[in-house]
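Okay, structure first, notes after.
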Amino acid sequence: MKVPQAYLDARADEIRTAALRVFVLKGVEQATMQDIAAEVGLSPGALYRYYPGKEQLVQAVFSFCHEQNREHMQAALEGRGSPRAALFSLGRLVWDRFRDPAALEQFTLNIDAALSAARHPDALAEQVRGLHRGVVEQLAELARAAQANGELAPDIDARAFALTIVACVDGLRLLFVEFEGELDTEGVYETLGRMVGALAPAATKG
């Protein structure tokens, strides 16, 4: 009897979610397929029928995270009018993630993956770097559009602007993990918003 594809897909998703929990708890490098099998309640042999090895499972987890980020960013940018409005809409979306119950888990995984990628330049490292490159380039493109629209000072380097924003977000995520979520992230959002607003030409401020 053939197993329905929907069942196989749901089982693969369940394994991927369990892997994320194990990666957060033990770290990407220390986690084993046996650990993940125990977490999801399968034998290691059954796990290998869905994912040939740990590398494929790690890639599945980060591909899923990457796709989620892409969809969230796209949703924030659609139908938002001016580039400035889109930028602030995107910022609101990013900051709302800090209130997500899974935020601490997700950010812990992001940090651990970045450290693992730095220690072991491989497919995972390229995937992590690619995720950051994509975010930086999308923000830089948005900054250039804001400059063309007279909403951001023309003498600002768009890529440096994007890197600064990403550095602020990643730095806050690191502190969020370190302080176990006990941070005034909303206050940081308001402060950063005022700083970005100050970079607009005088005629468009306010």
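The table for this structure:
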{"quantity": "Distance between modelled label sites at residue 78 and residue 153, nm, 7 Å Cα→Cβ extension", "calculated": "3.5 nm"}
{"quantity": "Cα-based equivalent ellipsoid of region 58-204: semi-axis lengths in Å, sorted from largest, via gyration tensor", "calculated": "27, 18, 14"}
{"quantity": "Most fluctuating residue given options 73, 195, 33, as computed from a GNM of the chain linking Cα atoms under 10 Å", "calculated": "195"}
{"quantity": "Rounded to whole Hz, the Karplus (6.51, -1.76, 1.60) HN-Hα couplings of region 44-51, x for glycine and proline", "calculated": "x, x, 5, 4, 5, 6, 9, 9"}
{"quantity": "Phi-based couplings in Hz for region 30-38 (Karplus 6.51, -1.76, 1.60; Gly and Pro marked x)", "calculated": "7, 5, 10, 5, 5, 4, 5, 4, 5"}
{"quantity": "GNM flexibility winner over the chain from 90, 42, 142 (Cα, springs under 10 Å)", "calculated": "42"}
{"quantity": "For region 148-155, Karplus couplings with θ = phi - 60° (6.51, -1.76, 1.60), whole Hz, Gly/Pro x", "calculated": "5, 8, x, 9, 9, 3, x, 8"}
{"quantity": "Region 1-52 shape via C-alpha gyration tensor axes, a/c threshold 1.5", "calculated": "prolate"}
{"quantity": "Choice from 132, 66, 120 with maximal GNM fluctuation in the chain (Cα, 10 Å cutoff)", "calculated": "120"}
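Only the coordinates and a few stated rules stand behind these numbers; no lab work does. Quick caveat: nothing in here was measured; it's all calculated off a predicted structure. Cβ: placed from backbone, ideal geometry, glycine included. Neighbour counts: every protein chain shown.
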